[in-house]
1. Spin-label point model (7 Å from Cα, Cβ direction): what's the residue 55 to residue 86 distance in nm?
2. Working out 0.36 nm times the residue gap between residue 263 and residue 186, then minus their Cα-Cα distance, what length gain in nm do you get to one decimal?
3. Give me the angle, in degrees from 0 to 90, between the Cα long axis of helix 86-95 and the longest principal axis of the Cα atoms of the chain, rounded to the nearest 10.
4. Multiply the residue gap between residue 94 and residue 208 by 0.36 nm, knock off their C-alpha separation, and tell me the result in nm, one decimal place.
5. For the chain, modelled as a Gaussian network with Cα springs under 10 Å, which listed residue fluctuates most, 77, 223, 176?
6. Under a point spin-label approximation (7 Å from Cα along Cα-to-Cβ), what is the residue 230-residue 244 distance to one decimal in nm?
7. Computed from these coordinates, which is percent of Cα pairs over 37 Å apart: (1) 38; (2) 23; (3) 44?
8. Could you check which residue among 111, 36, 280 shows the biggest mean-square fluctuation in a GNM of the chain with a 10 Å Cα cutoff?
């Protein structure tokens, strides 16, 4: 019987970390259902090394032999798979030709995930303000892979076949608290047996409040100006020091008190346009699709707070503390 490889491609901010941790916490359940979560290409907490391996065109015969061994199904999961080009997908399909390949993609309404994606960039060293972060996407939504998600799905379908793509309605499944169980059901695993009670232990990718996000963005800017690489190091040190920064964070909150804007997102033109495009091409691939107007409020600190003399002094003093522990 041909072995099946499931490629969980995320994308970012669609519960990928929760699902990956559920795989690690429930290997016994996966084993019982004949599904492996391989160590090959694995770096905490997903199969992120496969990305560079594909880009280097370096999937070896030994790698394929490892994937072919063991259970009749294997799951490879990384939200970074979403950054593959059409040529990357073609190469991957050619190297995995001996397997049946299924793709699992979680679709989240475009504007509902925009804030989360920006915040994720800040966590990894980003310095761009919210409104600038998506400027190019919003002026050309039809060319944006972040917003017009069919662009990525078309490339996957060309490589592996449209019928081999499963698209989870992230928003509907999150509302019903069925995202994790439905994901595992697609693998042939009884989702009701998956225990996620340990999700509070170890690695969690939690959202940040608007004040913390803005403070971190400013700290990232100072790190970049000081010549440090743009990565997550500033956040890691900042997070470790947060218990000692209560007074500074209270001051930042006070300084931003009148400079936090609220926006309602979820029913923009780009949401309706991209949802229409998805349904037109991939309606039969959608899992638990629920047509419903979904909106939420997001809060973003505007940069006017930086005009206050105390603001730069505060951020500079906090950055000095961070540099001493960098």
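Since every read-out is calculated from the coordinates, none of them should be taken as a lab result. A quick note: this is a predicted structure, and the numbers were derived from the prediction, not measured. Because the Cβ atoms are built from the backbone with ideal geometry, glycine has one as well, and the counts that use them run over all protein chains shown.
1. 2.0 nm
2. Value of the extension gain: 24.2 nm.
3. So the helix axis and the longest Cα principal axis differ by about 40 degrees.
4. Numbers: separation 114, 0.36 × 114 = 41.04 nm, distance 4.08 nm.
Length difference between fully extended and current span is 37.0 nm.
5. Comparing 77, 223, 176 in the GNM, the peak value goes to 176.
6. 2.9 nm
7. (2)
8. 280
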